[in-house]
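Structure record follows, encoded as structure tokens.
The values are calculated or read from the model by the stated rules, or taken from the named source; none is laboratory data. As the structure is a computational prediction, the values presented were derived from the model and not from experiment. Virtual Cβ from ideal backbone geometry, glycine too; neighbours counted across all protein chains shown. Heavy atoms of the whole protein, side chains included, go into the accessibility calculation; ligands, DNA and RNA do not. Shrake-Rupley method; radii C 1.70, N 1.55, O 1.52, S 1.80 Å.
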Amino acid sequence: MQPLESAASGRDLDITLSGSWTAPHARVLEPLVEAAVREARGRGVRLDMHAVTEIDTFGACLLERLARGSSPGIETQAFGVPERMRGLLAEVGRVGREAQPLPPKKKSSFAGIESIGRATVDAGRDLVVFVEMLGELSDALLRVLRDPRRLRPISIVYQLDRVGLQAIPIIFLITFLIGGIISQQGIFHFRRFGAGDYAVDLVGILVLREIGVLIVAIMVAGRSGSSYTAELGSMKMREEIDALYTMGLDPVEVLLLPRVVALICALPALTFFGSISALFGGGLVEWLYGGMSPAIYVERLKDAVSVTHFEVGIIKAPFMALVIGIVACSEGLRVKGSAESLGLQTTTSVVKSIFLVVVLDGLFAMFFAGIGM
Amino acid sequence: MNAEPLISVRDLVVGFADQIVLDHLSLDVHRGEILGLVGASGGGKSVLLRSIIGLLAKQDGKISLFSIDRDTATQETTRSIERRWGVLFQQGALFSSLNTRQNVEFPMREYLRLSEKLREEVALIKLGMVGISSEDTGKFPAELSGGMTKRAALARALALDPELVFLDEPTSGLDPIAAGDFDALIQTLQQTLGLTVFMVTHDLDSLYAVCDRIAVLVGGKIIVQGPIETILACEHPWVKAYFRGKRTRETTRTLGQTTH
Ligand SMILES: Nc1ncnc2c1ncn2[C@@H]1O[C@H](COP(=O)(O)OP(=O)(O)O)[C@@H](O)[C@H]1O
Ligand SMILES: [Mg+2]
């Protein structure tokens, strides 16, 4: 016997239900209910439920659909309802009557164009947010400078330790390897036209002017920028930032300023150490692979590079730090209530700050070429 | 009540580092009843609840649910009993990246093979049962008030039509009217769905109004359990202070008048 059997009697429809009307059977039951609803359209329905052995909310929901969907205006009569099921059916019926169906999701046929438009607006808004944050930070900095007791040295030193000191080993390692790789490539390709020794110039100029600061900035964006965003984001989620406001404290001054200041101090130092380490890497490869003794390497390096090259590199570091800090903090403050948005903003923060660091580097290259440095 | 209890805890010992929280605790919960657990804040009520559902490791003792002892059961058996209960955590623990309706649909999606339409329909019915209006079902947990969070979490706990629900302070932080509604709701659900309820609560009104039995946790042990009359007759100083303290005298007096 089917769990739902219908028979027409005159103008009415007799529906006999039996068996288990529970969640595990819902896949079988639902099509039967749908068919019965179609069959019952415009007719009175009598539901015989005495053979139903068990029912849960899922079954009750299907029965509710049957009772409501079949014939608007015409009462569905149910009889033989076992005593213990009455409460559930009544409850589901009550809630079902009150609940409005969800509004259909709006679908736009211009979804693609819409998203392009939104992205453009968002990009514009990003710029505004960036400038706003820069302003707020400068404002906080001025306030702190006017009243140096409000400077938070402990906080700054703590952040310096995290973004500076603790980053040194990994920065040393990566820049050392990159210096070695550049040197090896230079030797290998320059040798073919007998200019193997010029690999030293390549390493020296490239590392000091571009690669040193770029690699370090990218590492710091991934390492410290992301952690700034995640920290501030989770503080935002748990209303800690609101708590600061209500105590009359400015989160920009308490949380953001020490972080950004620490980054601005740490990045030039890291760039310096990173560049030195890259030159060491380059020298080691020159010695082992190129057969150039360390003394000659240092001599050639002295000829090839000047302080200007070093200045060009190191001057960019604080600006890159500022960009990383502003992006990381403003993305952190944009986190909404959900774990997903925390992850999203952290990713955005890293991607955006790396992109901006590279763009900034390009602008600086044009600037230095223009003034002939 | 001579049938085998749904939850049986024997000589349970649970602790952290150098602190013993539950010390040889024994407790039974019978099918179809609402058991209220009371005890001091920080007394280990949440720890007891978490040990029963298996989130905390026990140091000693025996816990069986649905007559199955997790220590000896196979993994499939354990999993099969896990979907027969629902848990309302103290903080709600709604998934923050899903909206209210998706939170309720989530366990159904994992465990049941349902059409999308039915799943949505049942989720709306469950949310309606706990008193969340259809406009609010699209909101995300961060946009809900405290009371709505508890209601939504209850709806999620009930998503699979469990036989047993664990509620950790369901009415704390609600206004008395909302708390009263919540009590009524739990009672209705218990009657219509035949639920067994294990409820941690500090709300004396809930204890009087809906609990069939009350267990009192003091010093890591259940010192007294039984219907409210038994608890009120208990002479233990903590119990006396809890149920007959200044703050609670009003409620007790009202009860005295209605029962005599
Ligand atoms: N994860 C944990 N680690 C260490 N101690 C805990 C942990 N969870 C709870 N405790 C301790 O166990 C005791 C009981 O806590 P709990 O069960 O949450 O109290 P309550 O009865 O208010 O729910 C408290 O002293 C608490 O500090
Ligand atoms: Mg607790």
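Of all residues in the range B:156-171, one or more are away from chain A (no Cβ under 14 Å) and either hydroxyl-bearing (Ser, Thr, Tyr) or open to solvent by 20 Å² or more (accessible area, probe 1.4 Å) (or both). Inspect the range A:346-358 for any residue being of a type in the set (A, V, I, L, M) and free of Cβ contacts under 8 Å to residues at least 60 places away in the same chain and give the result as yes or no. For the range A:346-358, residues of a type in the set (A, V, I, L, M) and free of Cβ contacts under 8 Å to residues at least 60 places away in the same chain: present.
Can we say B:ASP203 is without any contact (Cβ under 8 Å) to a residue 60 or more places away in the chain and within 16 Å of ligand 1 (Cβ to nearest atom)?
Considered against the rule, which asks whether it is without any contact (Cβ under 8 Å) to a residue 60 or more places away in the chain and within 16 Å of ligand 1 (Cβ to nearest atom), B:ASP203 comes out as yes.
Restricting A:ALA26, A:ALA60, A:ALA67 to residues that are closer than 19 Å to B:GLU121 by Cβ, crowded, with 17+ Cβ neighbours inside 10 Å and touching a strand residue (DSSP E or B) at 6+ places or on another chain (Cβ under 7 Å) narrows the list to A:ALA67. Here A:LYS236 passes the criteria (1) surrounded by 19 or more Cβ atoms within 10 Å (Cβ to Cβ); (2) basic (Lys, Arg); (3) under 24 Å from A:LEU270 (Cβ atoms) except the one numbered (3).
Scanning the range A:36-51 for residues that are part of a helix (DSSP H, G or I) and in contact (Cβ under 8 Å) with a residue 24 or more places away in the chain returns A:ALA36, A:VAL37, A:GLU39.
Here A:THR308 meets the list (1) among the polar types (S, T, N, Q); (2) over 30 Å from B:THR149 (Cα atoms); (3) open to solvent by less than 30 Å² (accessible area, probe 1.4 Å) almost entirely, failing just condition (3). B:LEU37 meets each of the listed conditions (1) more than 10 Å from ligand 1 (Cβ to nearest atom); (2) at pLDDT 90 or above apart from (1). Going through (1) within 10 Å of another protein chain (Cβ to nearest Cβ); (2) within 14 Å of B:ASP161 (Cβ to Cβ); (3) at pLDDT 85 or above; (4) within 20 Å of the chain's Cα centre (by Cα) one by one, B:PHE95 falls short only on (2).
I'd like to check something: does the range A:185-196 contain any residue that is closer than 13 Å to A:ILE276 by Cα, open to solvent by less than 60 Å² (accessible area, probe 1.4 Å) and assigned by TED's automatic domain parsing to the domain that holds A:PHE273?
No, the range A:185-196 contains no residue that is closer than 13 Å to A:ILE276 by Cα, open to solvent by less than 60 Å² (accessible area, probe 1.4 Å) and assigned by TED's automatic domain parsing to the domain that holds A:PHE273.
The residues on offer are B:ARG113, B:ARG151, B:ARG79, and the sole one that is open to solvent by 30 Å² or more (accessible area, probe 1.4 Å), basic (Lys, Arg), within 12 Å of another protein chain (Cβ to nearest Cβ) and out of contact with any strand residue (DSSP E or B) (no Cβ under 6 Å at 6 or more places or on another chain) is B:ARG113. Of the numbered criteria (1) over 31 Å from the mean Cα position of the chain (by Cα); (2) open to solvent by 40 Å² or more (accessible area, probe 1.4 Å), the one A:LEU208 fails is (2).
When the range B:19-58 is filtered for residues that are surrounded by 14 or more Cβ atoms within 10 Å (Cβ to Cβ), more than 16 Å from ligand 2 (Cβ to nearest atom) and either in a loop (DSSP other than H, G, I, E, B) or free of Cβ contacts under 8 Å to residues at least 24 places away in the same chain (or both), the ones remaining, listed by number, are B:ASP28, B:HIS30, B:ARG31, B:GLY32, B:GLU33, B:GLY54, B:LYS58. Entry remark, the range B:116-141: residues being more than 23 Å from the chain's Cα centre (by Cα) and open to solvent by 20 Å² or more (accessible area, probe 1.4 Å) number 12 in total. Of everything in the range B:165-188 that is touching an Asp or Glu at 6+ places or on another chain (Cβ under 8 Å) and more than 16 Å from ligand 1 (Cβ to nearest atom), the residue that is farthest from B:VAL38 (Cα to Cα) is B:THR188.
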